[in-house]
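Below: the structure, in structure tokens.
The values are calculated or read from the model by the stated rules, or taken from the named source; none is laboratory data. Keep in mind that this is a model prediction, so the values were computed, not measured. Backbone-built Cβ (ideal geometry, glycine too); neighbour counts: all protein chains shown. Side chains are part of the model used for accessible areas, which takes the heavy atoms of the whole protein and leaves out ligands, DNA and RNA. Shrake-Rupley method; radii C 1.70, N 1.55, O 1.52, S 1.80 Å.
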Amino acid sequence: EAFKRFNLSQIMLLAPTSTEERIRLAADAGQGFIYYVSLAGITGAEMGAIDEIKDKLSLIRQYSKLPICVGFGVKNSKQAADIASFADGVVVGSHFVSQITSNLGDEFAMIRSLSISASELASSMNQKGA
């Protein structure tokens with residue numbers, strides 16, 4: 001009810017351990033997009049295997065027409081580009097947080113590091129046709 005009242009979308013999360021029943025429930029209840037967590041672990045850990053992620057997205061697409069964005073463990077341009085070749089979006093979080101924390105106290109270096117990282121990620125995804 002709160003989502004409707006404030007015009008928000010309910011973003012459902014799915015993971016490598018999600019069953020087909022869970023996928024169906026998320027597809028039925030989700031709005032906006034589905035966030036696929038690429039690994040069974042914590043944010044900042046290593047991303048799951050690309051082929052396994054691709055296979056799971058194929059299964060999710062059988063149940064949902066919503067865009068699917070993949071996140072967790074995306075740390076470099078190659079990973080982002082690989083995911084962008086079959087997903088509708090790539091979510092990068094911990095990588096950017098590490099750029100901030102490694103430049104605390106130097107705002108210019110922090111912004112420069114974030115800008116370079118974002119540009120590299122975007123460029124690699126664009127080269128893959130994403």
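Of the set (1) assigned to a helix (DSSP H, G or I); (2) open to solvent by less than 30 Å² (accessible area, probe 1.4 Å); (3) out of contact with any His (no Cβ under 9 Å at 6 or more places or on another chain); (4) in contact (Cβ under 8 Å) with a residue 24 or more places away in the chain, all apply to K54 but (2).
Looking across segment 91-121, the residues that are assigned to a helix (DSSP H, G or I), under 18 Å from the mean Cα position of the chain (by Cα) and either within 20 Å of I53 (Cβ to Cβ) or of a type in the set (F, W, Y) (or both) come down to S94, H95, F96, L121. For segment 28-43, does any single residue satisfy the condition of being open to solvent by 70 Å² or more (accessible area, probe 1.4 Å) and under 30 Å from R112 (Cβ atoms)? Yes, segment 28-43 has at least one match.
Scanning segment 68-107 for residues that are within 11 Å of S38 (Cα to Cα) and of a type in the set (F, W, Y) gives a single hit, F72. Taken together, the residues in segment 52-108 that are within 17 Å of A15 (Cα to Cα) and among the basic types (K, R) amount to 3.
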